[in-house]
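The values are calculated or read from the model by the stated rules, or taken from the named source; none is laboratory data. A quick note: this is a predicted structure, and the numbers were derived from the prediction, not measured. Using ideal geometry, Cβ is built from the backbone for each residue, glycine included, and neighbour counts are taken over all protein chains shown. Ligands, DNA and RNA are excluded from the accessible area calculation, which covers all protein heavy atoms including side chains. Shrake-Rupley method; radii C 1.70, N 1.55, O 1.52, S 1.80 Å.
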Amino acid sequence: MPYDDSPAPTRRARPLTVAAALAAVCLTAAGCGGGPDVGEAGADSPRPGAGGASSTAATPADQQPQPSGSTGSVPSGPAAGKPLPRGPLTGRTVVIDPGHHPRNRDHTREINEQVDIGTGRKECDTTGTSTDDGYPEARFTLDVSHRLRTLLEAEGARVRLTHDEDRPFGPCIDERARIGNEAKADAVVSVHADGSAVGNRGFHVILPAEVKGGGADTSKIVKSSADLGARIAGHFVRTTGSAPSNYIGGNTGLDTRNDLGGLNLSTVPKVFIECGNMRDPKDAALLTSASWRQKAAQGLADGITSYLKG
């Protein structure tokens, strides 16, 4: 697929510590206290030994209310071919990675194929999870991604999606990373929702660990990705009213992982976000609300804008 390979402006951001970015979290969100870290099941595949519903379980049919939002080809741009408005993000490129694909469940053989993630091999992709009522994670991620794209383009950013349901399945996790790399993105955000146990609530942002092996070398993006993730977490909690996860990340809203191909293979600043737990009824009520999804997109946009403006 043709992606823009033109270089993006070099970013000169002031470093931001996680503590500083999240200082307002416990002041603005109820429920900052929480239970122990018991596992995670949404990004690429579960941690070994993680509790909760498996993200590779078959996704129910998409008979539930479909999310609203803009549509278009992967190399996206403003509606009707209008030029991007000039704004604070003019000259910046953001890649949005909607987790999974609504039709992955129809291509289990293909998505189960192993791909190289630099430090080993992993499934091409997974089906994602869903709410108990059958609202699929893949529909949620596309909806939030469309809303986020609209908000960022209004600020002048050039936005690309890794897919817009314009292909039969996937893309594989290594290709998702490659799309951001080839676009020379200033920031990449992979949008997900978790599939953990009832009672596990809240969002968390996943940061890349320092990994070097095979085709993976995150040494140059660990600090910048942590900055991006901390800013997103800080804005997400203020905009959505959701508390940081009570089961991952020690109530910080941040988690660092070395087992996700989408992060391991990235050469540009990148994070994942698990916006909530689809298997918890209270979180599911938020995730299936169009008005809350708009808040989620706004929180992401505000965090990305804060990072890019430095």
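Looking at 240, 252, can you tell me which residue is over 24 Å from residue 117 (Cα atoms), of a type in the set (S, T, N, Q) and either within 15 Å of the chain's Cα centre (by Cα) or open to solvent by less than 20 Å² (accessible area, probe 1.4 Å) (or both)?
On the way: 252 fails: either within 15 Å of the chain's Cα centre (by Cα) or open to solvent by less than 20 Å² (accessible area, probe 1.4 Å) (or both).
Result of the check over 240, 252: 240.
Could you grab me the full set of residues in segment 142-200 that are of a type in the set (Ser, Thr, Tyr) and open to solvent by 20 Å² or more (accessible area, probe 1.4 Å)?
Taking segment 142-200 and keeping what is of a type in the set (Ser, Thr, Tyr), we get 145, 150, 162, 190, 196.
150 - this is the single residue of segment 142-200 that is of a type in the set (Ser, Thr, Tyr) and open to solvent by 20 Å² or more (accessible area, probe 1.4 Å).
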Just give me the residues in segment 255-268 being touching a Gly at 6+ places or on another chain (Cβ under 9 Å) and crowded, with 24+ Cβ neighbours inside 10 Å, in sequence order. 261, 262, 264, 265, 266
So residue 106 ticks every box in (1) open to solvent by 40 Å² or more (accessible area, probe 1.4 Å); (2) touching a strand residue (DSSP E or B) at 6+ places or on another chain (Cβ under 9 Å) but one. Which box is left unticked? (2)
Looking at (1) buried (at least 24 other Cβ atoms within 10 Å of the Cβ); (2) within 17 Å of residue 296 (Cα to Cα); (3) not acidic (Asp, Glu), can you tell me which one residue 126 breaks? (2)
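State yes or no: is residue 134 part of a loop (DSSP other than H, G, I, E, B), in contact with a Pro (Cβ under 8 Å, 6 or more places away or on another chain), closer than 19 Å to residue 175 by Cα and at pLDDT 95 or above?
Working: part of a loop (DSSP other than H, G, I, E, B): yes; in contact with a Pro (Cβ under 8 Å, 6 or more places away or on another chain): yes; closer than 19 Å to residue 175 by Cα: no; at pLDDT 95 or above: yes.
Judged against the criteria, residue 134 is not a match.
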Taking the residues in segment 205-218 that are out of contact with any helix residue (DSSP H, G or I) (no Cβ under 6 Å at 6 or more places or on another chain) and among the charged types (D, E, K, R) as candidates, determine which candidate is most open to solvent (accessible area, probe 1.4 Å). 212
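Rundown of residues vs (1) in contact (Cβ under 8 Å) with a residue 60 or more places away in the chain; (2) in contact with a Ser or Thr (Cβ under 8 Å, 6 or more places away or on another chain); (3) at negative phi; (4) of a type in the set (Lys, Arg), yes/no style:
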{"residue": "122", "(1), (2), (3), (4)": "yes, yes, yes, yes"}
{"residue": "127", "(1), (2), (3), (4)": "yes, yes, yes, no"}
{"residue": "136", "(1), (2), (3), (4)": "yes, yes, yes, no"}
{"residue": "160", "(1), (2), (3), (4)": "yes, yes, yes, yes"}
{"residue": "177", "(1), (2), (3), (4)": "yes, yes, yes, no"}
{"residue": "197", "(1), (2), (3), (4)": "yes, no, yes, no"}
{"residue": "214", "(1), (2), (3), (4)": "yes, yes, no, no"}
{"residue": "231", "(1), (2), (3), (4)": "yes, yes, yes, yes"}
Can residue 221 be described as buried (at least 17 other Cβ atoms within 10 Å of the Cβ), under 14 Å from residue 258 (Cα atoms) and among the hydrophobic types (A, V, I, L, M, F, W, C)? yes
When both residues are 6+ apart or on different chains and their Cβ atoms are under 7 Å apart, which pairs have a first residue that lies in segment 237-250 and is farther than 7 Å from residue 202 by Cα and of a type in the set (Gly, Ala, Ser), and a second that is open to solvent by less than 40 Å² (accessible area, probe 1.4 Å) and part of a loop (DSSP other than H, G, I, E, B)? 241/29
